[in-house]
1. Non-local amide H neighbours of F154 (under 5 Å, H modeled in plane, Pro and chain starts lacking H): which ones?
2. With the calculation restricted to Cα positions, what are the radius of gyration and Dmax of region 233-275 in angstrom?
3. What are the residues whose amide H is under 5 Å from the amide H of G132, where those residues sit 5 or more places off or on another chain and H is modelled from the backbone?
4. What are the ³J(HN,Hα) couplings of region 78-88, residue after residue, when phi is run through the Karplus curve with 6.51, -1.76, 1.60 and θ = phi - 60°? Round to Hz, x for glycine and proline.
5. Compute the orientation-averaged projected area for region 69-144 from the convex hull of its Cα atoms and round it to one decimal in nm².
6. Using the structure shown, select from K79/K189; K160/K267; K156/K292; K164/K292; K88/K160; K79/K213 the pairs with a Cα to Cα distance greater than 23 angstrom.
7. Check each of the GluC sites (Glu not before Pro) in region 74-136 and keep only those in coil by DSSP with at most 16 other C-beta atoms within 10 angstrom; list them in order.
8. Calculate, in nm to one decimal, what E68 and Q256 gain on full extension: separation in residues at 0.36 nm each, minus their alpha carbon distance.
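Derivation of every value follows stated rules applied to the coordinates shown; laboratory data play no part. Everything numeric in this text was worked out from a predicted model, so none of it was measured. So basically every Cβ, Gly included, is an ideal-geometry build from the backbone, and we count neighbours across all protein chains shown.
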Amino acid sequence: MSFFKCIWLSITRRLSKSLILFMIVFLLGNVLCASLCISNSMNVLQKDFMQQLGAKLEIKNNTNRYQEYSGEYRENVEKLIQYFNSLKETGTVQYSDAQFLLNGFYAHDLTYRKSNGEELECSLPNTLHLYGTQENQLLDQANQKIEIISGRSFTKDEVKNGEKVILISDNFLMDGNKIQIYDCIPVEKILYDSQFNVIYQEVSYYTVIGIFKKQEIIDDYNTYDSRNYDARIYTPYTTIINEYEQFQSLSELYPQSINTVTLSLEKIEIKMADMNDVNRYYDILDYYPVLKSHFQVITTQSIYEQIATPLDLLLDLAGILSYLTNIAMIALLSVTLFIFLKDRRYEIGIIYSMGLSKSRIIIQYILEIFVICFLAITISMGSGQQIGKTIANQMIDNQLEASKYVYIEDLSQEDLLRNYETKFDITFIGKVYANIIVVVIFTSALPIIYILRLTPKKILL
């Protein structure tokens, strides 16, 4: 009789015992498949999130306290920028964009039209937000924060040479009229004394090379400040650094003047070529202690960990269910199989007496368990996945309302929750089968020890 035929007959002739074993694996398998389905879906969600954001590292200003861009602070900022620029040459970094904000200049002919139709003059203090970028192609455009509707972005030469060119929102007006490409915007540098009397005034002309509009985005700030993409006037970062230095020189010529102009590094956005490189630079600020109190490092992974907080409970539940189910399955199956095996001791004794080796008996016994367990776990995959989906959807529905207005680094927690869906894929199937193989191996340990200790003489006499 063939080996596999013996296995099949052994299963079918003990149908009641085989069904008991099948039902234990099937019922516990539903819980196991539900937990593995949830954890696998979380891994897929995280992978999709990472791919969507990319291998990004962001050094972001984390304080509202103004730090003058000079001295050791400036020296360390420039070293940091140069360091990431050098990594571009090695191919480790795809882009490194240092973004500066210059406040304190004026544009009397310029007005900003709010969403309610109200117009705000840019002749008031801190109403002209010159936003300098290091990359000639705007990252805010690449990240779909804005869309250039007319004109172009900067050229590399314009960024390198600090040309006075700008990209401006279509919400700005000049002398009450819409701004056109190649219009020149007069920007004023004004020095005041302590009584706010004008002691020096100079006008520079900035050429409009592009007009943009804000996209429909999650981080939709409508207040008039630099967080509102509409309020930013983009220009090369070298331009505003030059402007700031010129203003500081003028201030030295007029010691009675007060400082009304501020330059600040808002953030440095870095995209690594490889996701694995991101965490290597997580502690980069340790090398620049002066900057550590002003900036924080944010990675794609850290953003995900913050935004996925409501899903941690779901993942913890899946882990606990998987752990407890495996223990219960090993314990129940071990005891059940040991009891069943004791009923077969005479059969084993006869097989021994026929000259068959213990190894063949053990292999046959393990394969019988595998056939029953694999059939049960395969059927339980479908129902277990549905159970996991029901549990996950119920928990996510409970979290959605609470997370509706929660944003982490301009990303909506609600959107992440809504993107969660249970996945029935090859990875899930592989995890289930790998798990049941481990369970069967542990489950077989006690019966195998029992078989090895048996001898034909003890059984048959």
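1. L138
2. For region 233-275, the Cα-based Rg and Dmax read 15.4, 52 Å.
3. F100, L101, L102, T235
4. Going residue by residue, I get 5, 5, 5, 5, 5, 4, 6, 5, 5, 5, 4 Hz, with x marking Gly and Pro.
5. Across all orientations, region 69-144 yields a mean hull projection of 7.3 nm².
6. Result: K79/K189; K156/K292; K164/K292; K79/K213 exceed 23 Å.
7. Sites meeting the loop and neighbour criteria: E118.
8. Working: separation 188, 0.36 × 188 = 67.68 nm, distance 1.87 nm.
Stretched fully, the E68-Q256 segment lengthens by 65.8 nm.
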